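**Student:** Mind looking over this structure? Questions follow.
A short reminder: the numbers here are calculations on the coordinates, not readings from a lab. The structure presented is a predicted model; accordingly, all values stated were derived computationally and were not measured. Ideal geometry is used to build each Cβ from the backbone, glycine not excepted, and the neighbour counts take in all protein chains shown.
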Amino acid sequence: MAKKKKNEDLPEGMSRRQAKLAARAAERAALDRDPRPYDGLAMEADLVALQEFVPSATAELKVTGLDHPVTLCTVLPGAVAAVVRENADGGLERLVALQVQAHSHNPGRDLAHALNWVRDAESGQTLESTIADGSQPDIKDLIDPTTTLEPTAHDTFDWWLADGAALDPMMQQGIQQANAAIMPSEAVPADVEGTVWWIDPGEKAHVRWVRPGNEDKLIAALARIGAAGELTLGEGTKFAGVFRTHGLAVPVFDLPRETAPTEFVTPLEELDKKIIRELDNDAPLTADERKQLDNIKSRQVTIR
């Protein structure tokens with residue numbers, strides 16, 4: 001019979017049983033899904049958009065402990081989590097991606113893991129997996145929660161290359177293939193809650209509006225507006241449904257491809273005012289509004 005170890009490295013003040021229970025609780029916590037992973041960050045809507053909808057974009061992000069900003073981006077070659085490389089000035093350029101191949105179901109923790117990694121990584125190093133291992137700080141300890149993002153959309157992936165880097169044939173082919181798959185996209189500069197992106201995947205264009213706030217209340221507000229016949233962005237547009245992702249609801253509208261994205265700024269701002277008004281409406285839904293609500297829910301797509 002094996003003897004129990006007498007000299008175990010137990011947390012101070014804990015018995016062996018207590019230590020095991022604490023370890024199991026930590027394991028369960030790691031498996032728990034954050035219902036709204038970017039809650040409390042002013043850049044929440046932008047992070048969700050870049051992670052789920054935008055093909056090619058970058059944004060500068062100040063990270064605690066670094067003198068120069070990190071380049072937050074949609075995707076990197078091979079869908080890796082992060083890379084560190086030398087720039088044209090001989091300094092270090094740190095890139096962290098949101099669309100990655102290896103990830104957990106807690107993207108806020110994963111992003112914190114990648115941001116923490118690039119703080120100490122050296123030139124030439126790559127972080128293949130962004131899955132958080134528990135060693136990372138809270139994301140709000142790495143970035144100022146009040147910080148906002150100013151993403152720049154790109155129509156190519158040429159930014160994958162460092163300035164002055166030689167382009168070998170394999171990399172050239174890879175970039176050409178990636179560029180061919182990019183859907184035209186740009187942020188719509190409407191003064192509304194959240195962030196709005198125009199994207200043209202082919203037959204028709206869309207706007208996808210990542211709007212912070214309670215999902216269910218927003219969908220109920222859309223139902224009230226829809227019952228009044230006002231859930232539209234103007235002639236030729238159509239409310240297509242709602243994505244639900246990362247604790248947020250994302251209204252989607254079909255649009256005419258020939259209409260410039262900036263033409264929807266005013267309709268979006270007018271609709272935003274109606275939504276804000278209906279969010280404060282505590283009256284029970286009417287029969288028509290309940291019908292609209294059921295219709296929206298039947299067409300919602302969850303991509304958490």
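**Student:** Tally Lys/Arg at +1 and Asp/Glu at -1 over every other residue whose Cβ is under 14 Å from the Cβ of LEU161; what's the total?
**Tutor:** Around LEU161, the surrounding residues sum to -4.
**Student:** Add +1 for every Lys or Arg and -1 for every Asp or Glu among the other residues with Cβ under 12 Å from the Cβ of ALA49, and state the total.
**Tutor:** -2
**Student:** For GLU86, what residues show an amide H to amide H distance below 5 Å, using hydrogens built from the backbone and excluding near sequence neighbours?
**Tutor:** So GLU86 has HN proximity to GLU93, GLY124.
**Student:** Sticking with this one: List SER123, SER56 from most exposed to least, where exposure is judged by having the fewest other Cβ atoms within 10 Å.
**Tutor:** Fewest to most other Cβ atoms nearby, the residues stand as SER123, SER56.
**Student:** Treat every Asp and Glu Cβ in the range 185-302 as -1 and every Lys and Arg Cβ as +1, leave all other atoms uncharged, and give the resulting dipole magnitude about the Cα centre to the nearest 20 debye.
**Tutor:** My answer is approximately 420 debye.
**Student:** For the chain, what does the helix formula give at 222 nm: sum of -39500 (n - 2.57) over DSSP H segments with n ≥ 4, over the residue count, nearest 500 deg cm²/dmol?
**Tutor:** So the helix-based figure for the chain works out to -9500 deg cm²/dmol.
**Student:** Quick check: Cα centre of the range 58-91 to Cα centre of the range 199-244, how many Å?
**Tutor:** That distance is 34 Å.
**Student:** Taking the Cβ of GLY213 as the center, what net charge do the other residues with Cβ under 13 Å away carry, scoring Lys and Arg +1 and Asp and Glu -1?
**Tutor:** -4
**Student:** Using a Förster distance of 22 angstrom, determine the FRET efficiency expected from the C-beta separation of THR64 and THR146, and round it to 0.05.
**Tutor:** Taking R0 as 22 Å, the efficiency between THR64 and THR146 is 0.95.
**Student:** Please list 3J(HN,Hα) in residue order for the range 286-294, calculated via the Karplus relation 6.51 cos²θ - 1.76 cosθ + 1.60 where θ = phi - 60°; whole Hz, with x for glycine and proline.
**Tutor:** 6, 4, 5, 5, 5, 5, 5, 4, 5
**Student:** Toward the positive end of the charge dipole of the chain, about the Cα centre and with charges on Cβ (Lys, Arg +1; Asp, Glu -1), which of GLY213, ALA249, PRO284 goes farthest?
**Tutor:** Going by the Cα projections, it comes out as PRO284.
**Student:** Specify the longest stretch of the chain that does not include any exposed loop site, a site being one of the GluC sites (Glu not before Pro) with a non-H, G, I, E, B DSSP assignment and at most 14 other Cβ atoms within 10 Å.
**Tutor:** Longest gap between qualifying sites, sites excluded: 13-121.
**Student:** Name the long-range amide H neighbours of ALA102: under 5 Å, sequence gap of 5 or more, or other chain; modelled H, no Pro or chain starts.
**Tutor:** Long-range HN contacts for ALA102: THR130.
**Student:** Averaging sequence separations of C-alpha pairs under 8 Å and six or more residues apart, then dividing by the length of the chain, give the relative contact order as a whole percent.
**Tutor:** Averaging sequence separation for qualifying contacts and normalising by length gives 15 percent for the chain.
**Student:** Near the amide H of ALA205, under 5 Å away, which other amide H atoms are found, from residues 5 or more places off or on another chain, if H is placed in the peptide plane?
**Tutor:** Amide H neighbours of ALA205, under 5 Å, 5+ apart: LEU255, ARG257.
**Student:** Does the range 44-180 classify as rounded, prolate or oblate by the C-alpha gyration tensor (a ≥ b ≥ c root eigenvalues; a/c under 1.5 gives rounded; else a/b over b/c gives prolate, otherwise oblate)?
**Tutor:** Note, shape of the range 44-180 comes out prolate.
**Student:** I would also like to ask the following. Among LEU279, LEU293, which comes first, second and so on when ranked by fewest other beta-carbon atoms within 10 Å?
**Tutor:** By the 10 Å Cβ count, ascending: LEU279, LEU293.
**Student:** Tell me, ASP282, ASP272, ASP168 in order of fewest to most beta-carbon neighbours within 10 Å?
**Tutor:** ASP282, ASP168, ASP272
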